[in-house]
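Comments concern the structure below.
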Amino acid sequence: MSPRPESGPSAPRTVSLVTLGCARNEVDSEELAARLTASGWDLTSADDASVVLVNTCGFIQAAKQESIDELLAAADSGAKVAAVGCLAERYGTDLADELPEAQILSFDDYTDIGTRLDDVLAGRKRPAHTARDRRKLLPISPADRQQGKPGPGQPDTQQPEPHQGPAAPWTGPDGGVFRRRLTGGVVAPLKIASGCDRRCSFCAIPSFRGAFVSRRPLDIAAEARWLAASGVRELVLVSENSTSYGKDLGNLRLLEELLPELAGIEGIERIRISYLQPAELRPGLIEVIAATPGVAPYFDLSFQHASGRVLRSMRRFGDRERFGALLDQIRDSYPEAGVRSNFIVGFPGETAVDLRELELFLDSAGLDAIGVFGYSDEDGTEAATLPGQLEAAEISRRVEEFAGLADELMAQRAENRIGELAEVLVEEQVGDGRYEGRAAHQAPEVDGVTTVFSAAPLAPGDMVRAVVTGSEGVDLLADSAPR
C-alpha cells in the first residue's frame, strides 16, 4: 500500500468517491465525479486519496449504519472525509455534531463540489446545513415547478431545470452530458426524475429528496445516446416514482411516449423501468411496457403489503384483490412478464389476519422477485407515532418467516420458467462456453441471473435468444437458440 498523501493546502487534489444505496445514488455520484473532474480533482482509489467523499444512504436504519461505518472507516484511514447524499442531507447539523470526523455537505453544495472539497482538504470546516423539508422549496402544484426558480445550488447558468435536490446529470454549456461513468459494464441507470409527492406514512424520503420534478425528454434522450456511445446496452430508468413522470410537464402519458423513443436509440438493446406505483399504473403504460420492442416486459411494483387495512394505515392504495387484478391485467398483455415487489412486515398494528392476507397474495401472485423488510421507525414519519408498535424480536420473527416463504416462491417461479424462450443480455463470460447475463425479468443487482451455454463465442452486450433448461433458486440455466 502506498503512503497516504498528506493533508493541507499543498496536498494533491485526489478524491475517492464511495457510493452507497440505490441506483439513483449511482447517478448522483457520476454527476459529482464529472463536476470534480471539471474542477481539477483527480479520482483515485481510497488508499491513494487525500479526501474520501462518501455518498450516503438514509433510507432505513441498516443503510444509515452502513453509511456511518463507511465514514468512520474512511476517517480511520487518515484521509480527510466528507459526506454527501441522503443521510447527510437528512440530518445536517445533527449528523455533524455526532460525527465530527466528517464534513457534512448538502445537496445544495453539489454544483460547487470542487470548491467544497478544497475546503475539506485545507481543513477549513464549513458550518453544516440545518435539515429542512425540501418539499417546500418548490410550488405545491406540479404544473408550476418547471417554470419556477431553480432550487438552491442549481443556478440558471448551469442547470436549466428547477431541481430542488441533486439533479439528474445535467447538460453542460457545450450541450454535452455532464456525467462521468465510475464503473464499466453494459447496463447503466438513467434518472428520469427526482423527488416524490406521495405521503406514505412510513417513508421519510420525500422530506429530504424534495417534491417530484421530471427531467425533460430531450435531456434524457441526450444522456441515453451518450451512454449508448460508451458501450451501454441496457438502460434502467430510475426515480423515486417513475409512474409520476410527466405530470409537471403537462403530460401524464409522457412516459408512454418516451419509452419507445429511448428503445429506438442506436446501440440500446433494452430499456427497463423501475419504481412503479400500483396506484398510478395506467392501462396505456402497461401496454407500452408489455408490447414495445426493446422495452423489457418488467414491472417493478411497490406493493408493500396486501392487507387493505395495513395499506390504508400506510397511506397507500390497494389490497389483495386489487393487486391480483392488476397482475392479471399485466399478464393478459404479456403472460411471461416479470414482476418484482417489496413488502414491509411488522408495521404498527399488523395482526395475524393481515399477515394471512399477505401470505395468500404471495402464494397466488407468481412474483419473480420478492423483497421482505422489517418495519423500523423513521424520524419525522407518521408511522412512528402510530399505536400498536411491535417488539423488535417479533418483527425479526415475521421477517424470517416471510423471507423463507419468499425464497420458496421465487424458486418455484424460476422453475416454472423452464421451457420459455428468453432474451438474455450477456454481461460476462464465466467459463468455457458459459456466459452470465440477465433475461427480461431480471433487473441488475436485485434479481437473479441467467447462465447461457453457447457453442458460439459471445461478448458482453450481446442479446442472445436462449431456451431455459433449468433453475437454481432464482437463477436460470439456458441454452442459446438460433434466431
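Look at (1) β-branched (Val, Ile, Thr); (2) assigned to a helix (DSSP H, G or I); (3) over 30 Å from ILE344 (Cβ atoms) and you find that VAL52 fails only one, number (2). Summed over the range 18-29, the residues that are open to solvent by 10 Å² or more (accessible area, probe 1.4 Å) and either farther than 21 Å from GLY195 by Cα or acidic (Asp, Glu) (or both) give a count of 2.
Of everything in the range 206-250, what is part of a helix (DSSP H, G or I), more than 20 Å from LEU285 (Cα to Cα), touching a helix residue (DSSP H, G or I) at 6+ places or on another chain (Cβ under 9 Å) and not small (Gly, Ala, Ser)? Give them in sequence order. Within the range 206-250, PRO206, PHE208, ARG209 qualify.
Here VAL464 meets the list (1) exposed (fewer than 14 other Cβ atoms within 10 Å of the Cβ); (2) farther than 27 Å from ASP328 by Cβ almost entirely, failing just condition (1). Any residue in the range 431-439 that is buried (at least 19 other Cβ atoms within 10 Å of the Cβ), under 30 Å from ILE289 (Cβ atoms) and hydroxyl-bearing (Ser, Thr, Tyr)? Within the range 431-439 (the criterion being buried (at least 19 other Cβ atoms within 10 Å of the Cβ), under 30 Å from ILE289 (Cβ atoms) and hydroxyl-bearing (Ser, Thr, Tyr)), the answer is yes, since at least one residue qualifies.
Conditions (1) among the acidic types (Asp, Glu); (2) touching a Leu at 6+ places or on another chain (Cβ under 7 Å); (3) open to solvent by 40 Å² or more (accessible area, probe 1.4 Å); (4) touching a residue at least 24 places away in the same chain (Cβ under 8 Å), marked per residue:
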| residue | (1), (2), (3), (4) |
| --- | --- |
| GLY210 | no, yes, no, yes |
| ALA221 | no, yes, no, yes |
| ALA229 | no, no, yes, yes |
| LEU237 | no, yes, no, yes |
| GLU257 | yes, no, yes, yes |
| ILE271 | no, yes, no, yes |
| GLN277 | no, no, no, yes |
| PRO283 | no, no, yes, yes |
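Of the strands (runs of 3 or more DSSP E) lying entirely inside the range 292-385, those carrying at least 3 residues that are free of Cβ contacts under 8 Å to residues at least 60 places away in the same chain and surrounded by 15 or more Cβ atoms within 10 Å (Cβ to Cβ) are 338-345, 369-374. Scanning the range 92-107 for residues that are within 21 Å of the chain's Cα centre (by Cα) and either among the small types (Gly, Ala, Ser) or open to solvent by 10 Å² or more (accessible area, probe 1.4 Å) (or both) turns up just one, SER106.
Based on this model, can you work out whether ARG331 counts as farther than 30 Å from GLU423 by Cα and among the charged types (D, E, K, R)? When the stated conditions are applied, ARG331 does not pass them. Tell me which residues, restricted to the range 238-278, are in contact with a Cys (Cβ under 7 Å, 6 or more places away or on another chain) and not acidic (Asp, Glu). Within the range 238-278, ASN241 is the sole residue that qualifies.
One residue stands out in the range 210-227 among those that are of a type in the set (Gly, Ala, Ser) and touching a strand residue (DSSP E or B) at 6+ places or on another chain (Cβ under 8 Å): the one that is nearest to ALA263 (Cα to Cα), namely ALA224. Test PRO139 against the stated conditions and say whether it is in contact with a helix residue (DSSP H, G or I) (Cβ under 9 Å, 6 or more places away or on another chain) and either modelled with pLDDT of 85 or more or surrounded by 14 or more Cβ atoms within 10 Å (Cβ to Cβ) (or both). In short, no. Scanning the range 19-49 for residues that are part of a helix (DSSP H, G or I) and hydroxyl-bearing (Ser, Thr, Tyr) yields SER29, THR37.
Whenever a residue of the range 58-69 is under 20 Å from LEU105 (Cβ atoms), its partners that are among the hydroxyl-bearing types (Ser, Thr, Tyr), lying with C-beta atoms within less than 6 angstrom and at least six residues away or across chains, give the pairs SER67/THR56.
The values are calculated or read from the model by the stated rules, or taken from the named source; none is laboratory data. Quick caveat, the model's predicted, so the values are computed rather than measured. Virtual Cβ from ideal backbone geometry, glycine too; neighbours counted across all protein chains shown. Keep in mind that these areas ignore ligands, DNA and RNA; they rest on the heavy atoms of the full protein, side chains included. Shrake-Rupley method; radii C 1.70, N 1.55, O 1.52, S 1.80 Å.
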